[in-house]
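Undergrad: Here it is, the structure, as structure tokens.
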Number of protein chains: 2
Amino acid sequence: MQELTGYKGQALNLIKAAGASIGDSLRLTRDGESVEGLLMPRVAGEDDTHIVLKLATGYNVGVKISEKSRIQVLGTGAKPALSRPPTPAATKGLPLVTIFSTGGTIASRVDYRTGAVESALSAEDLYSFVPELASEANVRAKVLYSLFSENFTTKHWKEIAEAVSEEIRSGVSGVVIAQGTDTLGYCAAALSFALQSSPVPIVFVAAQRSSDRPSSDAATNLIGAVGVAAKAPFGGVVAVMHGWLSDDILLVHKGTKVRKCHTSRRDAFKSINTAPMARFHVEARKLEMLGNDFPLRGSSSQLVCKPNFDDRVALVKFYPGLDPGIIDWYVTKGFRGLILEGTGLGHVSARCYPSVERAVHSGMFVGMTSQCLWGRTNMNVYSTGIDLQKIGVHPLEDMLPETAFVKLMWVLGQTSDSEKVAQMMRSDLAGEISPRRLETSEDGKDH
Amino acid sequence: MQELTGYKGQALNLIKAAGASIGDSLRLTRDGESVEGLLMPRVAGEDDTHIVLKLATGYNVGVKISEKSRIQVLGTGAKPALSRPPTPAATKGLPLVTIFSTGGTIASRVDYRTGAVESALSAEDLYSFVPELASEANVRAKVLYSLFSENFTTKHWKEIAEAVSEEIRSGVSGVVIAQGTDTLGYCAAALSFALQSSPVPIVFVAAQRSSDRPSSDAATNLIGAVGVAAKAPFGGVVAVMHGWLSDDILLVHKGTKVRKCHTSRRDAFKSINTAPMARFHVEARKLEMLGNDFPLRGSSSQLVCKPNFDDRVALVKFYPGLDPGIIDWYVTKGFRGLILEGTGLGHVSARCYPSVERAVHSGMFVGMTSQCLWGRTNMNVYSTGIDLQKIGVHPLEDMLPETAFVKLMWVLGQTSDSEKVAQMMRSDLAGEISPRRLETSEDGKDH
């Protein structure tokens, strides 16, 4: 029974008894509670105790059924799952948005309709899967890669930057980059440096739950990302992801400040050392800015693309007993940059000093960040910090260690003048360094 | 004017005009607002616009003054700052608590009274500085080290474990270990494994703000730590630190789950992947347990001390483009254990597989944690995780990377049987692995 793809056992029986088929609008009742939505297909091999409904919010939810559950068919659906609808004709007046897919959970979202694992993303797939997109923008979909994001390197960042640059120069209103969540923060930081003065939004998006799971966040995140790309009042690199457990609010994070802080939750992405830039209200399709510290859309007429990165940079997390020999190993290998992820305000053990000194003398730029992640480095408080600065280590303010690492690769891709490198690393180029706040008792100052 | 140690300029004039001296109870008024407390000394060299008062909560606060500020003396103090009071005679019936100082900001808290930088901690210093301690417990103070915590190694963990063990065997009601915040989480994890079945609390405490600053958290944290050590209903290793910005609530964190998550805030320490064990209400001196998942005080009659650690363990944080050669470097150096801090659910790039495979073949234990910090590794979702498990990498559930690193050093200090190592690493020995929760939509499961 092809119309009920993926359902079996108890769930299949319940659907059959109601005479419902995929795409139908129905009401599912259990113990006096009810939920309404469109009946969605499932992937074969799943359990037989959930029925998946697409709610009015565009969000898919898996409803647990029991023997007491009842289904009432409210209307017959267009059964869009049975064949892909044609790409809608461009709607006049709607902004044009390009979606690049690079792989990851979000790009495999199309499985959901076909029941097969496909990681490519075509415009047809998108409209079939999230028809709401057609009312947000005229969407152009391009497949760049089909890669797990942990396999990304500077080569991919460069290619993505160039592809995005080309689209923006062609006049699109915004670009969306769909990728795996694992290294999204690193890639968003990379593009924040590589693509400067963007007149339009460059929006990273991903999903924590794959499409074959009732709790997938793929559709909602994609709707938000396209909405932001099409209409946000700012230009530049951001990430749009779930803001909380529910699917009504997404958050817009600055590309240099976003970090994945949970392995599985949909609200895993956080803005670190800064507030999120904006909230996207899913049902109302409304973007609410949370401050006014952003470059206005269109305020720059010319995108600058500087996509070169130098791979010879290492990120070393300090821990008690760290063998300083690994710093020497990087020196021997000809590395040009080292980001230390120190403890607290920016410390490593005294045992590391000779190796750090050799690194500095070899011409390597050595920058200090904190494994605390939150807060600002301050290497003037304790003698450890002062000693390290004397050796030549540069405190990198409140930059995320991951962003500092990406930035150093990019800076070394622009210049080999060591004074210029230090000056660029210590300046805020793309929102990666927050301005020092006024004296507050919790910002390292007395009150 | 010795009685007004440390005050100068505007602040000194205001105090003199009121005829107040150190230790006096006074009311400071400005713009209609007023605050009452005991006048405290300051360290020379500080600004002249703050007056430091010790509030009824035991907390010192720096009050900013202006030309409109007025002081009213409410009572004459005992001027305890002028000479150290003798150690109070032991109060019958009060629990005996040993405080070990190892260095760090909290141990330099005695500066405050003397105006000099001293990092040793005597019982006299403690009572002089926090007289409230005398009503909580009979305190015995011992100086172990005067070290920045970033310089701690397994040698120090072993010595601290042995010293704590000796005190507990001598019959104290609890032990407090005061140290630097930077590697407190690592050290608390180390003692959680090294000291098992403790019949009494072993309490780590620290300060984010040194004693010469009005916003210091040293006194409050120490009162809480001694209170917990003296009276908590549980045994085992915990950390007691500020729970929020204000000084009314401290949190008690499990030693294997606590992490420093801010460079400067007083509430920098968080329980990761678990709720804090308890709240300590400072003013009421009351401990409120937040669950019942703890070993009861005295339920074990015999402390087990296994203080050996193997240093040949590395923690490697993965990032895009990581040169897998560093894994080979550790193999060549004869390391016996490797904790990977992977991305997301527990991933590293495919480029790392051959090196990881060589590490496993060399007999090294390789464990996977996540740089997300929050959430659980799951290496059965994506092919990356499955491939790594086939190579022989062990997923380490929701263990903090830092705790996994410390645990592996400890496990390799107990056994060289590789099967036993794997079995111990994958079992919960000291609360480092949270039990899998029931299916919840945000724990990697559908709802």
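The values are calculated or read from the model by the stated rules, or taken from the named source; none is laboratory data. The structure presented is a predicted model; accordingly, all values stated were derived computationally and were not measured. No Cβ is skipped: glycine too gets one built from the backbone with ideal geometry, and neighbour counts run over all protein chains shown.
Undergrad: What about A:G342, is it assigned to a strand (DSSP E or B), of a type outside the set (V, I, T) and either modelled with pLDDT under 95 or buried (at least 24 other Cβ atoms within 10 Å of the Cβ) (or both)?
TA: When the stated conditions are applied, A:G342 passes them.
Undergrad: Okay, next question. Taking strands (runs of 3 or more DSSP E) that fall entirely within the stretch A:141-253, which contain at least 3 residues that are among the charged types (D, E, K, R) and either more than 12 Å from the chain's Cα centre (by Cα) or not assigned by TED's automatic domain parsing to the domain that holds A:G103 (or both)?
TA: So the answer is none; nothing clears 3.
Undergrad: Being touching a Ser or Thr at 6+ places or on another chain (Cβ under 6 Å) and modelled with pLDDT of 90 or more is the filter here; which residues of the stretch A:15-32 pass it?
TA: A:R27
This table checks each residue for (1) of a type in the set (K, R); (2) farther than 29 Å from B:L373 by Cβ; (3) not in a strand (DSSP E or B).
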| site | (1), (2), (3) |
| --- | --- |
| A:N273 | no, no, yes |
| A:A284 | no, yes, yes |
| A:N308 | no, yes, yes |
| A:A314 | no, no, no |
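Undergrad: Kindly evaluate A:V203 against the criterion of being more than 10 Å from chain B (Cβ to nearest Cβ), in contact with a Leu (Cβ under 6 Å, 6 or more places away or on another chain) and either modelled with pLDDT of 95 or more or surrounded by fewer than 24 Cβ atoms within 10 Å (Cβ to Cβ) (or both).
TA: no
Undergrad: For the stretch A:308-329, name all the residues that are crowded, with 21+ Cβ neighbours inside 10 Å and either closer than 22 Å to A:M424 by Cα or in contact (Cβ under 8 Å) with a residue 60 or more places away in the chain (or both).
TA: Residues satisfying the conditions are A:F309, A:V313, A:A314, A:L315, A:V316, A:K317.
Undergrad: In the set B:A194, B:A225, which member is touching a strand residue (DSSP E or B) at 6+ places or on another chain (Cβ under 9 Å) and closer than 30 Å to B:L245 by Cα? Outline the logic, then answer.
TA: Values: B:A194 fails: closer than 30 Å to B:L245 by Cα.
Only one candidate passes the filter, namely B:A225.
Undergrad: Follow-up question, since we're still on this one. Which of the residues spanning the stretch B:155-192 are within 14 Å of another protein chain (Cβ to nearest Cβ) and of a type in the set (V, I, T)?
TA: Of everything in the stretch B:155-192, those that are within 14 Å of another protein chain (Cβ to nearest Cβ) and of a type in the set (V, I, T) turn out to be B:I160, B:T181, B:T183.
Undergrad: Another question, then. How many residues are among the small types (G, A, S) and either closer than 14 Å to B:A229 by Cα or surrounded by 13 or more Cβ atoms within 10 Å (Cβ to Cβ) (or both) if we restrict to the stretch B:277-307? Spell out how you get there, then give the answer.
TA: We begin by selecting, within the stretch B:277-307, every residue among the small types (G, A, S); these are B:278, B:284, B:291, B:298-301.
Imposing the further condition that a residue be either closer than 14 Å to B:A229 by Cα or surrounded by 13 or more Cβ atoms within 10 Å (Cβ to Cβ) (or both) reduces the set to B:278, B:298, B:300.
So the answer is 3.
Undergrad: Filter the stretch A:343-371 down to the residues that are in contact (Cβ under 8 Å) with a residue 40 or more places away in the chain, under 26 Å from A:Q414 (Cα atoms) and of a type in the set (G, A, S) and list them by number.
TA: A:G363, A:G367
Undergrad: When you go through B:T403, B:T440, B:T415, B:T369 one by one, which is the residue that is outside the structural domain of B:G236 (by TED's automatic domain parsing) and at pLDDT below 95?
TA: Values: B:T403 fails: at pLDDT below 95; B:T415 fails: at pLDDT below 95; B:T369 fails: at pLDDT below 95.
Only one candidate passes the filter, namely B:T440.
Undergrad: Identify, from the list A:A141, A:A107, the residue that is at pLDDT below 95, closer than 14 Å to A:A229 by Cβ and either touching a strand residue (DSSP E or B) at 6+ places or on another chain (Cβ under 6 Å) or basic (K, R) (or both).
TA: Sole residue among the options that is at pLDDT below 95, closer than 14 Å to A:A229 by Cβ and either touching a strand residue (DSSP E or B) at 6+ places or on another chain (Cβ under 6 Å) or basic (K, R) (or both): A:A141.
Undergrad: Read through the list (1) crowded, with 16+ Cβ neighbours inside 10 Å; (2) within 11 Å of chain B (Cβ to nearest Cβ); (3) free of Cβ contacts under 8 Å to residues at least 24 places away in the same chain, then give the number of the only condition that A:S271 fails.
TA: (2)
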